[in-house]
1. May I ask you to verify whether I12 is on the phi < 0 side of the Ramachandran plot and either modelled with pLDDT of 85 or more or in contact with a His (Cβ under 6 Å, 6 or more places away or on another chain) (or both)?
2. Report, by residue number, each residue of the stretch 1-16 that is part of a loop (DSSP other than H, G, I, E, B) and open to solvent by less than 60 Å² (accessible area, probe 1.4 Å).
3. Given the criteria modelled with pLDDT of 80 or more, over 30 Å from G131 (Cβ atoms) and open to solvent by 50 Å² or more (accessible area, probe 1.4 Å), does P34 qualify?
4. I'd like the residue in the stretch 18-28 that is in contact with a strand residue (DSSP E or B) (Cβ under 8 Å, 6 or more places away or on another chain) and without any contact (Cβ under 8 Å) to a residue 60 or more places away in the chain and, out of all such residues, is nearest to E122 (Cα to Cα).
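The values are calculated or read from the model by the stated rules, or taken from the named source; none is laboratory data. In this text the structure is predicted, and so the values were computed from the model without any measurement. Note that we place each Cβ from the backbone using ideal geometry, even for glycine, and neighbour counts take in every protein chain shown. For the accessible areas, the whole protein counts, side chains as well, though only heavy atoms, and no ligand, DNA or RNA atoms are used. Shrake-Rupley method; radii C 1.70, N 1.55, O 1.52, S 1.80 Å.
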Amino acid sequence: MGKAAKYVLDLIEQILGPAEREKRFDWARGDLSPRTKRAERLPFDAAWEGRKLIIEIDEDQHRAATPIFDKPDRLTVSGVHRGKQRQLYDERKRAAARANGYTVLSIPWARKRKPSPQDAVELRRQLLAAGIVIETDDSAHTSISGGSRSVKGDTR
């Protein structure tokens, strides 16, 4: 997880409370490795089990070719370069999460975007627009239902 994703999740945790970061589930796995004969559990950026909510921060490498991350000259266990594998795994993880009753919220974020005091306000707006319940006091306890939400044109 990059610095930008950590920054965004810090802000979201101020709104929603603590999350499990880099959460892995048995039902979201990568491709079988011919070397290890295992399919690794794939990480989600953050999960709130009580809310059945998963948030993925889609930094630049999730939306555009990024040679330093993609390593187009090296193939992965999936038989494709890392950029293509990232796309396949993103789709696989999100479909598996929805199938297991989670709401999946994808937030695009530019790695070089400068932090701003407005970021927390914008993230709060995005959470509310996606139907995420934000508790305002201890007596307000409402969970969200499973499904999938996109923010700002995420195409998954």
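1. Numbers: on the phi < 0 side of the Ramachandran plot: yes; either modelled with pLDDT of 85 or more or in contact with a His (Cβ under 6 Å, 6 or more places away or on another chain) (or both): yes.
Yes; evaluated as a whole, the condition is true for this residue.
2. The initial filter retains those residues of the stretch 1-16 that are part of a loop (DSSP other than H, G, I, E, B), namely 1-2.
The answer is G2, and nothing else.
3. Yes: the conditions hold for P34.
4. Residues of the stretch 18-28 that are in contact with a strand residue (DSSP E or B) (Cβ under 8 Å, 6 or more places away or on another chain), as a first pass: 19-26, 28.
Filter again for without any contact (Cβ under 8 Å) to a residue 60 or more places away in the chain, leaving 19-24, 26.
Details: A19: 19, E20: 22, R21: 21, E22: 23, K23: 25, R24: 28, D26: 33 Å.
Out of the qualifying residues, it is A19.
One line per residue, one yes/no per condition, for (1) within 26 Å of A97 (Cβ to Cβ); (2) surrounded by 10 or more Cβ atoms within 10 Å (Cβ to Cβ); (3) at pLDDT below 75; (4) basic (K, R):
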| site | (1), (2), (3), (4) |
| --- | --- |
| P115 | no, yes, no, no |
| A120 | yes, yes, no, no |
| L123 | yes, yes, no, no |
| L128 | yes, yes, no, no |
| I134 | yes, yes, no, no |
| D138 | no, no, yes, no |
| H141 | yes, no, yes, no |
| G146 | yes, yes, yes, no |
| R149 | yes, yes, yes, yes |
